[in-house]
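*Asks:* One structure coming up, written as structure tokens, with questions to follow.
The values are calculated or read from the model by the stated rules, or taken from the named source; none is laboratory data. Source: prediction; values computed, not measured. Glycine gets a Cβ as well: all are built from the backbone with ideal geometry, and neighbour counts include every protein chain shown.
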Amino acid sequence: MTFPSPSTRPLTSSALAGGRGSATLELVLATPLLVMLLLLVVAFGRLATARADVDGAARAAARAASITRDPTSAARAARQTATATLGQRRVTCRHLAVAVDTRVFTAGGWVAVDIACTVDLADLALLRLPGARTIHTRFVEPLDTFRGISLGFVNSEGSSKPTHRGVTSTP
């Protein structure tokens, strides 16, 4: 009498009962972990986007400061531009600090804008992460080399008053 080998033996319902439903159980247990991992990736992506938006706000603020005529209006323009740019890009800062460096605010000099924005991690993704992250960025914009130098042409008011070289201009 020959017995069939274990690999060729027909499967009975009692042999299948031990493994039935295990794939469903694994899927039920793994799904929340995969969803949390996906939300964490989204949160890190949103944090990178917020960092890029703060960099863009610093760049725009430095540019706005560089086209003004004096350090006081440069600081005011930089703060207004940084706030407006972050608002347009929908970045909410728990604390926003804008520092404007105008030590070399002369022709051929530069103006620098430092921005520190504290972002709540709970605002970044559907995963309510506790805490906050402060994003620091700095952008330096050169000032025009010929800033404030008149070349003897008609002055900006268009009058016939003498220019800095003593030449009168006519409108």
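*Asks:* Output the qualifying pairs, or none if there are none: Cβ atoms under 6 angstrom, residues six or more apart or on different chains, first residue in the stretch 26-53 and within 18 Å of Thr137 (Cβ to Cβ), second residue not in a helix (DSSP H, G or I).
*Replies:* Going by the 6 Å Cβ cut-off, the qualifying pairs are Arg46/Leu124; Arg46/Ala125; Leu47/Leu124; Ala50/Val91; Ala50/Val119; Arg51/Ile135; Asp53/Arg89; Asp53/Val91.
*Asks:* Residues in the stretch 84-103 that are assigned to a strand (DSSP E or B) and surrounded by fewer than 20 Cβ atoms within 10 Å (Cβ to Cβ): how many?
*Replies:* Quick first cut of the stretch 84-103, residues assigned to a strand (DSSP E or B) only: 95-101.
With surrounded by fewer than 20 Cβ atoms within 10 Å (Cβ to Cβ) added as a condition, the list becomes 95-97, 99, 101.
Matching residues across the stretch 84-103 total 5.
*Asks:* Same structure again: Of these, Thr134, Thr106, Thr81, which one is surrounded by 18 or more Cβ atoms within 10 Å (Cβ to Cβ) and not charged (D, E, K, R)?
*Replies:* Being surrounded by 18 or more Cβ atoms within 10 Å (Cβ to Cβ) and not charged (D, E, K, R) holds for just one of Thr134, Thr106, Thr81, which is Thr81.
*Asks:* Please verify whether the stretch 33-48 includes one or more residues that are surrounded by 13 or more Cβ atoms within 10 Å (Cβ to Cβ), at pLDDT 90 or above and among the basic types (Lys, Arg).
*Replies:* no
*Asks:* When the residues of the stretch 122-150 are filtered to those that are among the aliphatic types (A, V, I, L, M) and modelled with pLDDT of 70 or more, which remaining residue is nearest to Val104 (Cα to Cα)?
*Replies:* Filtering the stretch 122-150 for residues that are among the aliphatic types (A, V, I, L, M) and modelled with pLDDT of 70 or more, the one nearest to Val104 (Cα to Cα) comes out as Leu143.
*Asks:* Just to be sure, is Arg79 modelled with pLDDT of 95 or more, of a type in the set (D, E, K, R) and in contact with a helix residue (DSSP H, G or I) (Cβ under 8 Å, 6 or more places away or on another chain)? Please lay out each step first, then the result.
*Replies:* Working: modelled with pLDDT of 95 or more: yes; of a type in the set (D, E, K, R): yes; in contact with a helix residue (DSSP H, G or I) (Cβ under 8 Å, 6 or more places away or on another chain): yes.
Considered against the rule, which asks whether it is modelled with pLDDT of 95 or more, of a type in the set (D, E, K, R) and in contact with a helix residue (DSSP H, G or I) (Cβ under 8 Å, 6 or more places away or on another chain), Arg79 comes out as yes.
*Asks:* Name the residue, out of Ala60, Ala75, that is of a type outside the set (Ser, Thr, Tyr), assigned to a helix (DSSP H, G or I), in contact (Cβ under 8 Å) with a residue 12 or more places away in the chain and within 19 Å of Gly109 (Cβ to Cβ).
*Replies:* Values: Ala60 fails: within 19 Å of Gly109 (Cβ to Cβ).
The conditions single out Ala75.
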